[in-house]
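Since every read-out is calculated from the coordinates, none of them should be taken as a lab result. The structure displayed is predicted, hence computed values, not measured ones. Cβ placement follows ideal geometry from the backbone for every residue including glycine, while neighbour counts extend to all protein chains displayed.
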Amino acid sequence: MMTEATKARFAREVAKYPADQKQSAVMACLSIVQQEEGWVSAENEAIIADYLGMPQIAVHEVTTFYNMYNQQPTGKYKLNVCTNLPCQLRDGYKALHHLESKLGIKMGETTADGMFTLQQSECLGACADSPVMLVNDRCMCSFMTNEKLDELVDGLRAAEGQA
Ligand code: FES
């Protein structure tokens, strides 16, 4: 069920485009749903499809193309480590494997306490800063040595009173 507040946010995005091109607001609507619920469910894809007058599969194609859209619930902190080729050549996998070891989870999993989700990411456009990662789709972290990865995780745990 979409709330009136969500409908109002959708309407503001749709109003930015010509009336016959409201599908252009699909990414914004997906972002709104993710901000409000933390992830994009098939049910919400259907609601957006209906709202924008487009096939549900077309909405799903957008959700699955961009890896910032979460297709399942994630932990409070989503850690995306770039493992595209340039980063692979400069310790991208080493950073990913270090986080797997530190968090006790595999790539794609969430820690049992719901604090961290670990994922791979496509190129973040900062290959020269490798290893690079993104925290919660917003905070870019560069030159992530094992020591810096430990500081990041320990700092986030401390901030949550878990240290
Ligand atoms: S390949 Fe990792 S930032 Fe470009």
Gain in span if fully extended, ASP50 to ARG138, counting 0.36 nm per residue against the direct Cα distance: 28.8 nm
Kyte-Doolittle at least -1.0, axis length at least 18 Å by Cα - qualifying DSSP helices, the chain: 146-159
ALA158/GLN35 FRET efficiency (R0 25 Å; Cβ-Cβ; nearest 0.05): 0.45
Cβ-Cβ FRET estimate between GLU43 and TYR93, R0 fixed at 41 Å, reported to 0.05: 0.70
Neighbourhood net charge (15 Å Cβ-Cβ; Lys/Arg +1, Asp/Glu -1) for GLU43: -4
Distance between modelled label sites at LYS102 and GLU151, nm, 7 Å Cα→Cβ extension: 1.1
Helical contribution to [θ] at 222 nm, DSSP H n ≥ 4, -39,500 (n - 2.57), averaged over the chain, rounded to 500: -13500 deg cm²/dmol
Anisotropy class of region 4-65 from Cα gyration tensor, a/c 1.5 cut: oblate
Summed side-chain charge close to TYR66 - residues other than TYR66 whose Cβ falls under 12 Å, Lys, Arg +1, Asp, Glu -1: -3
